Amino acid sequence: MRPVNQGPRRRSEPLNSLFKGLFLIVMTSLGGIMAYAQPNIIVILADDLGYNDVGYMGGTLTSTPNIDAIAESGVWFTNGYSSCPVCAPGRAGFLTGRYQNRFGFEDNPGPFRRSAETVPGIPHNEKIFSEYFADWDYTSAIIGKWHEENVPIRNPVNRSFDEFFGFINGASGYFIKENAKGRLVRGETAVEHEYEYLTDAFGREAVSFIDRNKDKPFLLYVSFNAPHGPLQAPEEYLEKFIHIQDKKKRALAAMIYSMDENVGKIMSCIRDENLEERTLIFFYSDNGGVYELSDNTPLRSGKQDIYEGGIRVPFCMQWKGHLPENKRIDAPVISLDILPTAIAATGRPVDREWFLDGVNLLPYIKGETDKEPHEVLYWRFLWHHAIRKGDWKLLKHRDHPEPELYNLSEDVGEQKDLSGEYPEIFKELQEMYTQWSDMMPDPQWGWQPEYSGDYKIEKN
């Protein structure tokens with residue numbers, strides 16, 4: 001007597017093999033589809049770029065057709081903000097999606113700190129952009145300026161970035177050549193030499209990264225140090241602006257032009273590889289432009305200041321086929337929004353337990369909600385602070401004894417202080433700011449011992 005069903009089971013073995021093969025093919029295909037469903041994320045950051053230093057905002061000092069094309073192919077924000085008027089704290093806010101004040105990152109890394117044990121930089125218990133996306137199998141790179149303390153635990157490759165080409169500290173010359181000081185690094189190792197103009201080198205490395213990772217989801221953070229000083233540009237770029245008599249402004253124009261050329265290289269690579277519909281791209285500046293050099297028109301003041309010229313910046317984004325084109329948005333947004341927006345673009349929810357201060361901008365951009373992204377925005381930078389609610393902005397400037405109140409819809413240049421005319425609004429914003437500020441720790445390091453602690457280290 002043969003076992004029940006033995007015969008049919010034997011006849012099905014070839015079919016089983018066939019089904020297994022088909023199953024593997026389908027699962028492999030689905031894996032590829034899932035990989036493509038996860039959009040690539042590119043964040044391009046300028047350094048000290050003024051509000052009106054780009055063409056799409058009306059600037060005429062230089063030419064920025066490639067940056068302008070991102071705005072024209074996507075959305076651009078007239079009220080786009082950084083979370084700080086200087087470099088490193090604003091970058092820390094962008095990378096974490098949280099007000100950097102929440103972890104004491106209120107000033108650039110400097111010689112003063114709270115104690116000998118204090119290490120300037122984003123604490124490891126604060127999750128950053130690359131660490132979120134590493135959890136989802138993205139390959140990631142930072143190209144350019146990092147700006148934390150120059151110690152191994154603060155190197156971006158120790159924060160889940162797979163690749164790093166750039167420098168750790170806050171500024172660099174643009175003609176590296178033999179890299180005598182060893183500040184330009186790949187990973188944790190100093191490069192032997194770099195003969196290209198540094199902005200061009202960063203563009204080259206960004207394109208190389210895209211070429212090598214075009215078939216899988218990637219996160220690319222291109223952190224140009226242009227047009228931050230020193231004001232240096234190749235002669236061929238300077239010659240394009242020989243009509244500008246002021247040599248510093250001529251150099252600034254050439255540096256912005258070079259950065260735009262390299263933004264163009266990145267965008268051309270994305271187009272050539274047919275990645276536009278699979279790539280969400282952000283462009284913004286870490287703070288406003290230097291007041292004496294950049295064009296922050298029509299805003300007041302510039303970098304290091306809490307007036308609009310110090311914190312309102314060029315800010316645009318593009319995602320072909322997913323976002324509207326050439327859409328102007330006037331509602332206030334902030335660099336803290338980039339992380340949650342990028343997370344949402346992958347189809348994942350933004351978990352409340354992450355306690356992000358930034359918000360997902362996609363529903364607002366797509367017209368799925370009429371509610372503005374933010375009811376209130378805050379800034380605290382040592383001796384300056386500000387709060388914006390709707391069109392109203394209350395600020396306290398170091399050089400002025402009393403807080404000032406402005407209606408930005410009527411006075412974007414912050415020329416008429418309305419604190420005496422609207423005492424109820426003044427009081428409301430003052431109380432809201434105080435409540436927020438009281439929840440923040442003191443600055444943990446920096447250049448001002450009266451704010452950041454008076455323990456001083458001696459650097460080599």
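The values are calculated or read from the model by the stated rules, or taken from the named source; none is laboratory data. The shown structure was predicted, so the numbers you read here are calculated from the model rather than taken from an experiment. Reconstructed Cβ throughout: ideal geometry from the backbone, glycine too, with neighbour counts over all protein chains shown.
Computed values, structure above
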quantity	calculated
Extreme residue, surrounded by the fewest Cβ atoms within 10 Å (Cβ to Cβ), among residues of the stretch 354-363 that are in contact with a strand residue (DSSP E or B) (Cβ under 9 Å, 6 or more places away or on another chain) and within 28 Å of Glu325 (Cβ to Cβ)	Val359
Residue pairs meeting the criteria (Cβ under 9 Å; at least 6 apart or on separate chains; first over 17 Å from Leu293 (Cβ atoms), in the stretch 229-250; second of a type in the set (Phe, Trp, Tyr))	Pro234/Tyr174; Pro234/Phe175; Pro234/Tyr197; Lys240/Tyr257
Subset tally (residues that are closer than 22 Å to Tyr307 by Cβ and in a loop (DSSP other than H, G, I, E, B)) for the stretch 440-460	4
Selection status of Ser83, under 20 Å from Ala342 (Cα atoms), touching a residue at least 60 places away in the same chain (Cβ under 8 Å) and in a loop (DSSP other than H, G, I, E, B)	yes
Which numbered condition Lys366 misses (of (1) within 30 Å of Asn125 (Cβ to Cβ); (2) touching a residue at least 24 places away in the same chain (Cβ under 8 Å); (3) surrounded by fewer than 18 Cβ atoms within 10 Å (Cβ to Cβ))	(1)
Leading residue by the ranking (surrounded by the fewest Cβ atoms within 10 Å (Cβ to Cβ)) among those in the stretch 416-439 that are out of contact with any Asp or Glu (no Cβ under 7 Å at 6 or more places or on another chain) and not in a helix (DSSP H, G or I)	Asp438
Selection within the stretch 305-319 - charged (D, E, K, R) and either over 16 Å from Leu377 (Cα atoms) or outside any helix (DSSP H, G or I) (or both)	Asp305, Arg312
Residue match in the stretch 177-198 (condition: touching a helix residue (DSSP H, G or I) at 6+ places or on another chain (Cβ under 6 Å), among the small types (Gly, Ala, Ser), over 17 Å from Asp260 (Cβ atoms) and touching a residue at least 12 places away in the same chain (Cβ under 8 Å))	yes
Any hit, the stretch 326-345, residues being out of contact with any Gly (no Cβ under 8 Å at 6 or more places or on another chain), assigned to a loop (DSSP other than H, G, I, E, B) and without any contact (Cβ under 8 Å) to a residue 12 or more places away in the chain	no
From the options Ser452, Ser437, residue that is small (Gly, Ala, Ser) and at pLDDT 95 or above	Ser437
Matching residues, the stretch 182-198, being part of a loop (DSSP other than H, G, I, E, B) and more than 24 Å from Asp48 (Cα to Cα)	Gly182, Gly187, Glu188, Val191, Glu192, His193, Tyr195
Which listed residue, of Thr199, Thr139, Thr189, is over 26 Å from Ile338 (Cα atoms) and modelled with pLDDT of 95 or more	Thr189
Residue within the stretch 208-219 that is in contact with a helix residue (DSSP H, G or I) (Cβ under 6 Å, 6 or more places away or on another chain), among the aliphatic types (A, V, I, L, M), touching a residue at least 60 places away in the same chain (Cβ under 8 Å) and buried (at least 17 other Cβ atoms within 10 Å of the Cβ) present	yes
Check on Lys459, among the basic types (Lys, Arg), farther than 26 Å from Phe94 by Cα and modelled with pLDDT under 95	yes
Count of residues meeting criterion [under 17 Å from the mean Cα position of the chain (by Cα), buried (at least 21 other Cβ atoms within 10 Å of the Cβ) and over 15 Å from Val222 (Cβ atoms)] in the stretch 136-191	3
Test result for Lys248, in the same structural domain as Ser73 (by TED's automatic domain parsing), modelled with pLDDT of 95 or more and over 21 Å from Tyr51 (Cβ atoms)	no
Of all residues in the stretch 221-249 being in contact with a helix residue (DSSP H, G or I) (Cβ under 6 Å, 6 or more places away or on another chain) and more than 17 Å from Asp47 (Cα to Cα), the one that is surrounded by the most Cβ atoms within 10 Å (Cβ to Cβ)	Tyr237
Hey, Lys265 farther than 28 Å from Ile281 by Cα and either assigned to a helix (DSSP H, G or I) or assigned by TED's automatic domain parsing to the domain that holds Phe164 (or both) or not	no
Total residues in the stretch 352-363, condition in contact with a helix residue (DSSP H, G or I) (Cβ under 9 Å, 6 or more places away or on another chain), without any contact (Cβ under 8 Å) to a residue 24 or more places away in the chain and over 21 Å from Glu277 (Cα atoms)	1
Answer from His124, His147 - the residue that is closer than 29 Å to Met439 by Cα and touching a Cys at 6+ places or on another chain (Cβ under 7 Å)	His147
Residue match in the stretch 289-298 (condition: at pLDDT 95 or above, farther than 19 Å from Gly144 by Cα, within 16 Å of the chain's Cα centre (by Cα) and not in a helix (DSSP H, G or I))	no
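Residue-wise test of (1) crowded, with 18+ Cβ neighbours inside 10 Å; (2) in contact with an Asp or Glu (Cβ under 7 Å, 6 or more places away or on another chain); (3) among the hydrophobic types (A, V, I, L, M, F, W, C).
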{"residue": "Ser301", "(1), (2), (3)": "yes, no, no"}
{"residue": "Ile311", "(1), (2), (3)": "yes, no, yes"}
{"residue": "Lys320", "(1), (2), (3)": "no, yes, no"}
{"residue": "Arg352", "(1), (2), (3)": "no, no, no"}
{"residue": "Leu377", "(1), (2), (3)": "yes, no, yes"}
